[in-house]
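Chemist: I'd like to ask you about the structure that follows.
The values are calculated or read from the model by the stated rules, or taken from the named source; none is laboratory data. Since the model is a prediction, treat every value here as computed from it, not as a measurement. So basically every Cβ, Gly included, is an ideal-geometry build from the backbone, and we count neighbours across all protein chains shown. Accessible surface is based on the protein model in full, side chains and every heavy atom, while ligands, DNA and RNA are left aside. Shrake-Rupley method; radii C 1.70, N 1.55, O 1.52, S 1.80 Å.
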Amino acid sequence: MTAQPTAIHRKDYRAPDFRIETVELEFDLQPEATRVKSKLAVAPQSAGAALKLDGEDIELLSVVIDGRKLLPADYTADEHGLTIATVPSSAFTLEIETRINPKGNTHLSGLYQSSGVYCTQCEAQGFRRITYFPDRPDVMSTYRVTIRGDKKANPVLLSNGNLVEEGGLSDGRHYAVWHDPFPKPCYLFALVAGDLAVNEDEFVTRSGRKVALRIFVEHGKVERTAYAMDALKRSMRWDETRFDLEYDLDLFNIVAVSDFNMGAMENKSLNVFNDKYILADHETATDTDYAGIEAVVAHEYFHNWTGNRITCRDWFQLSLKEGLTVFRDQEFTSDMRSRPVKRIQDVRLLRGRQFPEDAGPLAHPIRPDSYIAIDNFYTATVYEKGSEVIRMIHTMLGEDGFQKGMKLYVERHDGEAATCDQFVAAMADANKVDLSQFQRWYSQAGTPEVVVEGSYDPGSGDYELTVTQVVPPTPGQPDKQPVQMPFGIGLLDAQGRDIALKADTAAMPRPGMLNVTAPTQTFKFKGVPKPKAISLNRGFSAPVVVKAKQPGEAQAFLMAHDSDAFARWEAGQQYATELLLARVANPAKPFDPAFIEAIGLTLRDDKLEQAFVAEAITLPSEDYIADRMAVVDVDGIHAARRALRLEIVRTYRKQLEDIYSRNTTPGTYSPDSTSAGRRALKNAALSYLSEQADEDAGLRRLIHDQYSKADNMTDRAAALRLLVDIAGPEREAALADFYQRFADDALVLDKWLMLQAISTLPETLENVRSLLTHPAFSMQKPNKVRSLIGAFTANALRYHAADGSGYAFHADRMLELEPINPQVAARLLAPLGRWRRFDAARQEKMKAELRRVLAKPNLSRDVYEIASKSLEN
Ligand code: ZN
């Protein structure tokens with residue numbers, strides 16, 4: 001039995017005993033035996049400390065201090081690192097030689113190969129899989145990197161910073177030397193070597209510096225990088241105009257690889273991307289893919305200031321860079337596209353991924369207090385809730401105040417490894433405000449629940465709003481304190497107009513923006529007309545669950561009239577949720593006509609953006625409904641949601657058909673957001689129509705026609721999405737055709753795998769099982785694993801099959817994946833941890849699978865952490 005992994009605690013942070021001023025690296029690349037020489041300028045910070053370096057899965061060849069080779073007795077090396085008990089007390093040079101095996105590296109952390117291309121992934125702790133080093137973000141150094149490789153196999157040799165030298169070597173090899181003048185932590189180191197094609201462009205910064213831009217991809221795919229390049233240039237310009245931040249080197253490189261654990265990585269001047277977030281053309285990428293590319297390219301670029309120039313002191317501060325950078329990429333998208341639609345989509349994502357996390361066994365604050373494997377904390381909480389917390393600061397301070405705070409943050413901490421407290425202090429100091437209560441958002445987990453009750457006194461004309469907040473207990477945090485939040489509200493008069501509200505400084509600093517701080521607080525609005533409805537948490541100003549009782553007619557009224565687009569959408573979601581929950585409880589209960597009527601008004605309102613209408617007519621997901629039930633009724637929710645959709649299509653068949661034909665985009669495909677919005681609406685209409693396709697051969701033909709005649713992937717994939725749920729010849733023909741068309745395109749086949757895995761048909765598990773041996777699938781490739789197995793675990797109906805077959809299949813695959821890629825296995829294991837939400841029989845089956853995973857010998861820290869916490873909490 002191996003020792004159980006132990007947790008690292010935030011309170012144990014200590015400044016490093018040794019700084020590393022400069023790092024010189026030499027790589028002699030060989031697929032199975034790459035030699036790495038490192039030469040470190042070590043600066044001891046306290047006398048007498050032993051030098052402890054991290055190292056994992058690497059072979060130590062030699063250690064030299066100030067030119068003297070150490071003997072084995074001078075150091076100890078184990079599976080976690082290298083310790084040298086006695087070292088000089090003042091500055092010294094340490095040289096270490098190691099040997100690593102990039103080709104055999106299936107973890108995709110450290111130096112590995114993706115389709116023969118050498119690439120690195122060092123965040124969070126991959127650098128230790130390359131050489132022995134103090135692998136922590138507060139050790140910042142300048143890097144000089146020499147890469148030697150086979151000229152034919154690796155014509156492209158890249159690392160961070162500037163290219164300072166290159167040339168030929170004997171035996172068909174060549175070399176390049178890179179120097180990065182900006183001190184950085186080792187997690188931002190990167191190396192790429194391979195045979196790649198390149199798209200070259202240029203950006204001139206506002207101060208006139210010319211920056212060479214290069215995107216490297218597999219040969220034959222350069223044409224598909226045009227949109228990513230455009231997104232990069234727009235990101236660079238936007239960061240100058242909106243955040244006053246300019247790029248700082250003369251070159252910026254992006255490399256796209258097909259094997260990658262996450263979306264992309266912000267290594268200094270050498271971003272490495274999952275090619276899913278670079279490659280796009282209209283035949284292979286959907287509108288959603290284009291939007292994802294724009295957002296991820298921007299996100300990684302924005303890290304240059306929020307992450308790289310100012311990095312994190314320790315990994316507990318991860319949200320310092322991630323929450324802030326997500327906020328920045330969300331704002332970028334909002335400025336490029338539709339702000340209300342972006343807000344709606346971000347809230348959907350938050351509710352779909354983060355709220356369940358915050359309510360489950362893995363709940364943690366955006367700044368966690370402890371971890372076993374830090375890779376498990378690249379979560380929706382740290383990223384998405386982290387961004388919501390930044391957004392609340394922005395809402396409270398306003399754009400000008402927020403930018404003042406950013407400026408002070410950069411002035412104070414440029415070139416440093418900072419903390420979340422320091423960021424908040426810069427915001428508070430620059431605006432002379434007290435954010436001490438607000439900081440509880442950093443330390444408390446759990447989604448606050450806000451109960452709102454309103455009362456009107458017709459005599460005085462006063463309206464009172466009582467706001468009560470409860471932050472629920474989460475694992476390790478039984479008692480919570482009230483948080484400060486900006487809470488947007490509006491009162492609507494009988495004509496649907498906003499009733500003017502007078503601001504006062506403390507409780508309502510701006511009209512309609514309440515400053516909520518107490519467990520219970522009453523806000524009084526004097527001398528107002530009787531409101532017809534109240535609009536709550538406008539703009540989703542606080543990431544909370546709102547509980548308020550308003551009659552159905554008031555919700556329908558908000559759906560039709562709210563001046564806040566987010567709240568207008570939200571009214572429909574909340575109304576639908578109520579109706580669906582009531583229907584699950586009583587399958588004979590009819591749906592309110594007021595809701596159906598409000599959907600009709602939305603369909604007819606031609607002042608609304610198409611993309612907004614598409615969002616507004618899309619009912620809350622099955623998972624969202626499930627999260628609102630004490631015990632999830634998997635089949636009941638599915639049936640209720642289909643019934644409501646069917647009622648909508650029965651009532652509005654004609655309008656939906658009209659919308660479908662009116663929004664078929666003519667002419668050549670353009671990925672711009674207006675065109676994408678029309679396609680989104682058209683495909684939302686088709687999705688409604690498909691509810692009647694089982695009994696209607698004409699509809700099946702319509703869907704199949706869209707599939708086969710589509711001139712873009714958005715429409716083709718949307719039709720296939722519907723066909724996979726409709727048993728019959730159209731389904732089989734389309735799936736076969738899709739495979740034939742795209743058999744040599746890995747990214748498109750990911751869609752093919754995913755669509756089969758999310759099918760509601762009863763034979764889905766059997767189909768998924770047989771796809772495991774299909775050439776389109778590979779357990780070594782994270783994109784494939786996520787598309788087939790990850791997607792299946794999100795298939796509420798089939799994953800949660802009452803016989804437990806879905807759970808057993810899931811656990812079997814995780815046990816296979818765990819030794820190959822523990823990071824990805826750990827991330828994909830989380831759905832089993834939601835067992836508390838289900839009935840006793842399913843609970844037992846889910847727990848049994850978790851126990852089976854936990855019993856595996858030599859379990860990785862990553863999977864151990866998720867499986868054990870999922871069972872304990
Ligand atoms: Zn990031």
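Chemist: Can you tell me which residue in region 189-234 is least open to solvent (accessible area, probe 1.4 Å), limited to those that are of a type in the set (Asp, Glu) and in a strand (DSSP E or B)?
Modeler: ASP201
Chemist: Please list, ordered by first then second residue, the pairs with beta carbon atoms under 7 Å, 6 or more apart or interchain, first in region 241-260 and under 20 Å from LEU213 (Cα atoms), second surrounded by fewer than 19 Cβ atoms within 10 Å (Cβ to Cβ) and of a type in the set (Ser, Thr, Tyr).
Modeler: Listed pairs, sorted by first residue: GLU246/THR205; GLU246/SER207; TYR247/THR205.
Chemist: Exactly one of (1) closer than 28 Å to LYS342 by Cβ; (2) over 31 Å from the mean Cα position of the chain (by Cα) is unmet by PHE566. Its number?
Modeler: Of (1) closer than 28 Å to LYS342 by Cβ; (2) over 31 Å from the mean Cα position of the chain (by Cα), only one is false for PHE566: (2).
Chemist: So PHE738 ticks every box in (1) open to solvent by less than 10 Å² (accessible area, probe 1.4 Å); (2) more than 19 Å from ASP289 (Cα to Cα); (3) among the aromatic types (Phe, Trp, Tyr) but one. Which box is left unticked?
Modeler: Result: PHE738 passes all but (2).
Chemist: For region 480-490, state whether one or more residues are outside the structural domain of VAL528 (by TED's automatic domain parsing) and either in a strand (DSSP E or B) or among the acidic types (Asp, Glu) (or both).
Modeler: There is no residue in region 480-490 that is outside the structural domain of VAL528 (by TED's automatic domain parsing) and either in a strand (DSSP E or B) or among the acidic types (Asp, Glu) (or both).
Chemist: From ARG128, ARG136, grab the single residue that is closer than 19 Å to ASP17 by Cα, open to solvent by less than 50 Å² (accessible area, probe 1.4 Å) and not hydrophobic (A, V, I, L, M, F, W, C).
Modeler: Selected residue: ARG128, the only one of ARG128, ARG136 that is closer than 19 Å to ASP17 by Cα, open to solvent by less than 50 Å² (accessible area, probe 1.4 Å) and not hydrophobic (A, V, I, L, M, F, W, C).
Chemist: Quick one: PHE355 ticks every box in (1) in contact with a Ser or Thr (Cβ under 8 Å, 6 or more places away or on another chain); (2) in a helix (DSSP H, G or I); (3) within 14 Å of the ligand (Cβ to nearest atom) bar one, so which box is it?
Modeler: Only one criterion in (1) in contact with a Ser or Thr (Cβ under 8 Å, 6 or more places away or on another chain); (2) in a helix (DSSP H, G or I); (3) within 14 Å of the ligand (Cβ to nearest atom) is unmet by PHE355, namely (3).
Chemist: Take the residues in region 67-96 that are of a type in the set (S, T, N, Q) and surrounded by 11 or more Cβ atoms within 10 Å (Cβ to Cβ), then tell me which one is nearest to ASP54 (Cα to Cα).
Modeler: Top of the filtered list is THR83.
Chemist: OK, next. Determine which single condition PRO44 fails, assuming it passes every other condition in (1) under 21 Å from ARG129 (Cα atoms); (2) surrounded by 11 or more Cβ atoms within 10 Å (Cβ to Cβ).
Modeler: Result: PRO44 passes all but (1).
Chemist: Follow-up. Looking at the structure I just gave you, is SER661 hydroxyl-bearing (Ser, Thr, Tyr) and under 19 Å from THR286 (Cβ atoms)?
Modeler: So SER661 fails the test.
Chemist: Hey, another quick one. Return the total of residues in region 9-34 being open to solvent by 50 Å² or more (accessible area, probe 1.4 Å) and under 21 Å from ARG68 (Cβ atoms).
Modeler: 4
Chemist: Another one. Name the one entry in LEU349, LEU362 that is among the hydrophobic types (A, V, I, L, M, F, W, C), open to solvent by 20 Å² or more (accessible area, probe 1.4 Å) and free of Cβ contacts under 8 Å to residues at least 40 places away in the same chain.
Modeler: So the residue among LEU349, LEU362 that is among the hydrophobic types (A, V, I, L, M, F, W, C), open to solvent by 20 Å² or more (accessible area, probe 1.4 Å) and free of Cβ contacts under 8 Å to residues at least 40 places away in the same chain is LEU349.
Chemist: For THR468, only one of the following conditions fails: (1) surrounded by fewer than 20 Cβ atoms within 10 Å (Cβ to Cβ); (2) in contact with a strand residue (DSSP E or B) (Cβ under 8 Å, 6 or more places away or on another chain); (3) under 30 Å from GLU331 (Cβ atoms). What is its number?
Modeler: Single failed check for THR468: (3).
Chemist: Here's another thing I want to ask about it. For region 412-434, how many residues meet the condition of being part of a loop (DSSP other than H, G, I, E, B) and surrounded by fewer than 19 Cβ atoms within 10 Å (Cβ to Cβ)?
Modeler: Of the residues in that region, 6 qualify.
Chemist: Enumerate the helices (runs of 4 or more DSSP H) found wholly within region 769-873, keeping only those where 2 or more residues are more than 26 Å from ILE637 (Cβ to Cβ).
Modeler: 782-785, 805-820, 822-829, 840-854, 861-872
Chemist: Spot the failing condition for ALA710; the list is (1) over 25 Å from GLU763 (Cβ atoms); (2) touching a residue at least 60 places away in the same chain (Cβ under 8 Å); (3) open to solvent by 10 Å² or more (accessible area, probe 1.4 Å), and only one is missed.
Modeler: In the conditions (1) over 25 Å from GLU763 (Cβ atoms); (2) touching a residue at least 60 places away in the same chain (Cβ under 8 Å); (3) open to solvent by 10 Å² or more (accessible area, probe 1.4 Å), ALA710 misses (2) alone.
Chemist: Can you pull out the helices (runs of 4 or more DSSP H) entirely within region 564-663 that have at least 3 residues that are open to solvent by 30 Å² or more (accessible area, probe 1.4 Å)?
Modeler: 565-585, 593-604, 634-662
Chemist: If the requirement is being under 30 Å from ASP862 (Cβ atoms) and more than 19 Å from the chain's Cα centre (by Cα), which of these qualifies: ASP434, ASP421?
Modeler: Going through ASP434, ASP421 in turn, the sole match is ASP421.
Chemist: Exactly one of (1) outside any loop (DSSP other than H, G, I, E, B); (2) within 16 Å of the ligand (Cβ to nearest atom) is unmet by ILE366. Its number?
Modeler: (1)
Chemist: Additional query: Would you check which residues across region 139-156 are surrounded by fewer than 18 Cβ atoms within 10 Å (Cβ to Cβ) and among the hydrophobic types (A, V, I, L, M, F, W, C) and list them?
Modeler: Matches in region 139-156: ALA153 only.
Chemist: If I ask for residues that are of a type outside the set (Phe, Trp, Tyr), over 30 Å from ALA417 (Cα atoms) and open to solvent by less than 60 Å² (accessible area, probe 1.4 Å), which ones from region 169-188 would you list?
Modeler: Within region 169-188, GLY172, ARG173, HIS174 meet the criteria.
Chemist: Is it true that LEU279 is surrounded by 24 or more Cβ atoms within 10 Å (Cβ to Cβ) and over 23 Å from ASP248 (Cβ atoms)?
Modeler: yes
Chemist: Another question, if that's okay. In this structure, is LEU245 open to solvent by 10 Å² or more (accessible area, probe 1.4 Å) and under 25 Å from the mean Cα position of the chain (by Cα)?
Modeler: Against the criterion (open to solvent by 10 Å² or more (accessible area, probe 1.4 Å) and under 25 Å from the mean Cα position of the chain (by Cα)), LEU245 qualifies.
Chemist: Related question: Counting only residues that are of a type in the set (Lys, Arg) and over 30 Å from GLU872 (Cα atoms), which one in region 471-507 is least open to solvent (accessible area, probe 1.4 Å)?
Modeler: Per the criteria, the residue is ARG497.
Chemist: Right, another one. Give me the pairs, please: first residue somewhere in region 297-326 and farther than 21 Å from ALA231 by Cα, second residue anywhere and charged (D, E, K, R) and within 12 Å of the ligand (Cβ to nearest atom), beta-carbon distance under 7 Å, and either six or more positions apart or on two chains.
Modeler: Matching pairs, first to second residue: THR311/LYS321; CYS312/LYS321.
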